[in-house]
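A short write-up of the structure that comes next.
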Amino acid sequence: MGKVLAFVGVMLVSVALVGTALANHAWGNYHWERSANPFTLQVASNVNAGWDGYLNTAISDWAASDVLNLNKAAANGSGSTCTPTSGRIVVCNGAYGNTGWLGVAQIWVTKGSHITQATTKINDSYFGSAPYNTSAWKQMVMCQEVGHDFGLDHQDENFNNPNLGTCMDYTNDPSTNQHPNAHDYEELDIIYAHLDSTGGGGKPCNLHKPNCQSGAVGNAPPFSQASRANGDLYIDAAPGGHRITHIFWAPLG
């Protein structure tokens, strides 16, 4: 039975969370199904001209991985419409409101761990004013949310720690956290080391998440109860399985 997972990476406004080890930041064992490396993914763009350069940079950055080839394509719909499309990552931007998140990544999973489609949403409700109306914040959020769509988690979740030099790091100052680093590429090599004919390893969810249980998707509350107090992992029933939402709350103050 398939699972539908919404992996929501949200840049909110500062909450200090426990960090993850370097090169040990996969989100469970979720990965795109393929029979050889490198494999090619289509990244469909629904972003406007103001975000196009940031998406181009993110695609170029992640395509430097040994296991990924990324092709940019046009998406269905326009603007804030982010309709998932089988076999693709769809990226869009729009004014989604004062939700507390800057970006959201969602993955749909079948066969236990195989990502079949993914989306990234960038929330323009925050990027029109300080402190988020900078190229550094925009590039970091775009890079991080697209990175989640490959099955990557964060390297560190403490906004106040020194920067690790990767977009997969929580920070209050994104000046040096706008691109992947060597540990991100190493983790992608680990995630995609096996070919799908041999099955996958890893855990069904990342054990540093407070609501994750070993051997199960976890016992998190539904997304309707999303709040800083309830953490960043939420689980909802969905056709054929579950929708799992991971939120990166944006830095406060």
Virtual paramagnetic centre 7 Å along Cα→Cβ of residue 40, amide N under 11 Å, in segment 47-73: 69-72
With Cβ to Cβ distances under 11 Å as the rule, what net charge do the other residues near residue 93 carry (K, R +1; D, E -1)? -1
Under 15 Å, Cβ to Cβ, from residue 178 - net charge with Lys/Arg +1 and Asp/Glu -1: -4
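Values quoted throughout were computed directly from the atomic coordinates according to the rules given, and no laboratory measurement underlies them. These numbers were taken from a predicted model, which means no experiment stands behind them. Positions of Cβ are generated from backbone atoms using ideal geometry, with glycine treated the same way; all protein chains shown enter the neighbour counts.
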